[in-house]
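Report on the structure given below.
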2 protein chains.
Amino acid sequence: MFAKRVDKVAPFRVMAVLERAKQLQSEGRDILHMEVGEPDFPTIQPIIDAGIDSLARQQTGYTQALGLPELRRAIAVYYQERYGVTLSENRVVVTSGASAALMLMSALLVDPGKGLLMADPGYPCNSQFLRIVEGQAHKVAVGADRGFQINGELINQHWRDNTIGVLAASPANPTGEILSLAALQDISAAVKAKNGVLVVDEIYQGLSYGEDCHSILEVDDDAYVINSFSKYFGMTGWRIGWMVVPEKAVVGLERLVQNLYISTSVTAQYGALAALDLINRPMLEARRKEFGVRREVLLNGLKALGFRVDYTPKGAYYIYANIEHFLKKGGWADSEAFCFDVLEKYGVALTPGTDFDEHSGAYHVRFAYTLPVEKLKDALARLKVAVDTL
Amino acid sequence: MFAKRVDKVAPFRVMAVLERAKQLQSEGRDILHMEVGEPDFPTIQPIIDAGIDSLARQQTGYTQALGLPELRRAIAVYYQERYGVTLSENRVVVTSGASAALMLMSALLVDPGKGLLMADPGYPCNSQFLRIVEGQAHKVAVGADRGFQINGELINQHWRDNTIGVLAASPANPTGEILSLAALQDISAAVKAKNGVLVVDEIYQGLSYGEDCHSILEVDDDAYVINSFSKYFGMTGWRIGWMVVPEKAVVGLERLVQNLYISTSVTAQYGALAALDLINRPMLEARRKEFGVRREVLLNGLKALGFRVDYTPKGAYYIYANIEHFLKKGGWADSEAFCFDVLEKYGVALTPGTDFDEHSGAYHVRFAYTLPVEKLKDALARLKVAVDTL
């Protein structure tokens, strides 16, 4: 009755957790939400003001398919300013969130039966975008020992006859791991040796603590970049992101955007212009620093409680913890059982690793530090009780 | 290098017209744009105000994947109020424009190698959404004699082994033709007899002149409806539309939306709530009436000039005219040559039928009356010179 692909689109396990959390809240329970992949701050005021201003100026029509020229230019300038990369604005494509960028990338690059190599764990929707175009996600199991990232050696090992390229992510979801410049170079060289295509999800770019994020564009001009105004710029609900693509891809992409999206929200585009205005950078940086403080609190707290975080998550706002030993002690079947029990008994909502991770998700959980420090401390205190009673 | 589907995504021919029009404008020429499928009015002020208000209230986060509950409810109520159809709000899915609705419909219903029957001429992107999922558009050539619409008899004649359903449109683009209640019943019965699925594009619903629009939901509860806030409600650049689907489809659709879109622009959703507020209906109706006046002027004017409009377009804001006799007289190869020449010599920009129409687009052009009456009269005067010199 429905297309076969629909059954293969797995529901997010976290949705069941969220459902139960809401139920408990409606019964008066105090629930700490550490499952949400969205900043808890509203968009900064100057971006809001720019959106309001554009509406007041009656900017309500379609824009160019590839985005407002001034926004494409501002994004190109951002790469110059932040990463020292000189970029033609023609290579910038404004999209309806990174979601649209991932869809367009799949449609542009992936024929039916062909696939992209990617790290497992990773962003779960990547597989679904590929499935829509009858392509495949070629998952490569990576653990904390490899920083949960793919590399040149793994690309060589796992490249199949029907592999056409690699989708890497930095900072990565759910692990917060960052690819260094050397790691990006290593991946780029391996992909080039295979005559493949390299796509890098830089959606969490800018949200790093200690180590700076790099862009693949610093080392590889042929790569496809997926980015977003949702995370560092805090514009989730506006639905706006972008791609940087090789010049040769622009014509095909423009046709795809015209057909599949027409254009991106004009209000969001004017908001994004303000997001890139350097005068507003300090507000964004203050938020990044706040995430950094939270990360310290949560990382140290979880380690002290015995959660195994055998790597140092350097970006995004996630910590991916191994709970295998807790599962054994407590008699939980897997991370989903653990998440439901911790929610039920202690009112802490977490995301089971199974949402991100085919090979080790059953014994991992993702913590999001999209909560103020005080609430994180409350959550740690509750988890301490949970762990102490094991 | 790129996926095979990319080459099959034809560029819109009108883009080349538009490109040349802009060039001429930059040289100081006065160009009348009758090629644009977007209302020339900005969004009405109460909708703008609602968007501004939501931003001022810092509503900037993701919403539920299927849309704000109050918006889904308001859409359900709209069907009750306008079409006498009682509808559970659970069956309403808010989407990032009708574009997203068409993509979701294709992903939900169409397996690779399967196809939907649809009228040729029609909205060109429909084929592309199907192509993305490796499905097919099964085009049925229809002319003015059939009101450019598909019907039960044609469905029976053209149904193939790999046809799974029908995509109809009312009011239709590029012809402005409306399906009467009897015509909708006829189509529905034919599809049901084939155990097929019926999708109706009601994107231009509400924009009709003389004859009221009907919704397929008045006669068929199992149909899939694609709709938009872009046209009647004048919210093109906001990127918001909706679907009404059978209850059984909601779970699968929710997963698809979560993966492919996350959610629809929150600002657009608050704007859409105001769009549905009955207090604002008179402003929307005033615009509809203005379109109605323009239609009269343009339709009578074109007929007087000898353009063949062998049917009465009743909705949307388009007139699809047969120019075969003009092509012969003037020695133009096809509608594209005609459009370029009329643009060059008389400064009137039209859309060649080839953008919509595989079988007769070469000798049709689409006029959009998204211009004030005075400008329409100017365009008619210029076209008179063109025709008189033949």
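Near the amide H of A:Thr95, within less than 5 Å, lie the amide hydrogens of A:Gly241, A:Trp242, A:Met243, all on another chain or at least 5 residues away, with H placed in the peptide plane.
Counting every other Cβ atom within 10 Å of each residue's Cβ, B:Arg91, A:Arg160, A:Arg366 order from fewest to most as A:Arg160, B:Arg91, A:Arg366. Restricting attention to segment B:45-280, close to 30% of DSSP beta bridges with both partner residues there are antiparallel. Ordering A:107-116, A:234-243, B:122-131, B:292-301 by mean Cβ neighbour count within 10 Å, with the highest value first, yields A:234-243, B:122-131, A:107-116, B:292-301. Counting Lys and Arg as +1 and Asp and Glu as -1 over every other residue whose Cβ lies under 12 Å from the Cβ of A:Glu81, the net charge comes to +1. This ranking places B:His158, B:His364, A:His214 by how few other beta-carbon atoms lie within 10 Å of each, fewest first, which gives B:His158, A:His214, B:His364. Summary of the geometry: segment A:25-64 and segment B:244-301, compared by the centres of their Cα atoms, lie 22 Å apart. Net charge of the neighbourhood of B:Lys248, taken over other residues with C-beta under 14 Å away and scored Lys/Arg +1, Asp/Glu -1, is -3.
So what is the relative contact order of chain B, in percent, for Cα pairs below 8 Å that sit 6 or more residues apart?
24 percent
Under 1.5 on a/c is rounded, so check that first for the protein assembly as shown, then, if it is not, pick prolate when a/b is larger than b/c and oblate when it is not; a ≥ b ≥ c are the square roots of the alpha carbon gyration tensor eigenvalues. Prolate, because a/c is 1.5 or more and a/b exceeds b/c.
Pairs exceeding a 32 Å alpha-carbon distance, out of B:Lys314/B:Lys384; A:Lys22/A:Lys328; A:Lys289/A:Lys328: A:Lys289/A:Lys328. How charged is the neighbourhood of A:Pro352? Take every other residue with its Cβ under 10 Å from the Cβ of A:Pro352, and add Lys/Arg as +1 and Asp/Glu as -1. In short, -3. Among B:Ala182, B:Ala272, B:Ala76, the largest mean-square fluctuation in a Gaussian network model of chain B, built with springs joining Cα atoms closer than 10 Å, belongs to B:Ala182.
According to the Kirkwood relation over distinct C-alpha pairs, the hydrodynamic radius of chain B is 21.6 Å. Our note on the geometry: Cα centres of segment A:93-148 and segment B:119-192, 34 Å apart. With a 10 Å cut-off around each Cβ of B:131-144, the average count of Cβ atoms from other chains is 2. Among B:Ala137, B:Ala268, B:Ala249, which one moves the most in a GNM of chain B with springs linking Cα atoms closer than 10 Å? Evaluated over chain B, the most mobile residue of the options is B:Ala249. Taking every residue in B:3-10 and counting other chain Cβ atoms within 10 Å of its Cβ, the average works out to 6. Would you pull out the residues with amide H under 5 Å of A:Asp120's amide H, same chain only if 5 or more places away, H placed 1.01 Å from N? Answer set, sorted by chain and number: A:Val140, A:Ala141, A:Val142.
Ignoring lysines fewer than eight residues from A:Lys192 along the same chain, the ones with Cα atoms less than 23 angstrom from its Cα are A:Lys114, A:Lys139, A:Lys248, B:Lys4.
A short reminder: the numbers here are calculations on the coordinates, not readings from a lab. Predicted model, so just to flag it, every value in this text is computed and none were measured. All Cβ positions, even for glycine, are placed from backbone atoms using ideal geometry, and neighbour counts span all protein chains on display.
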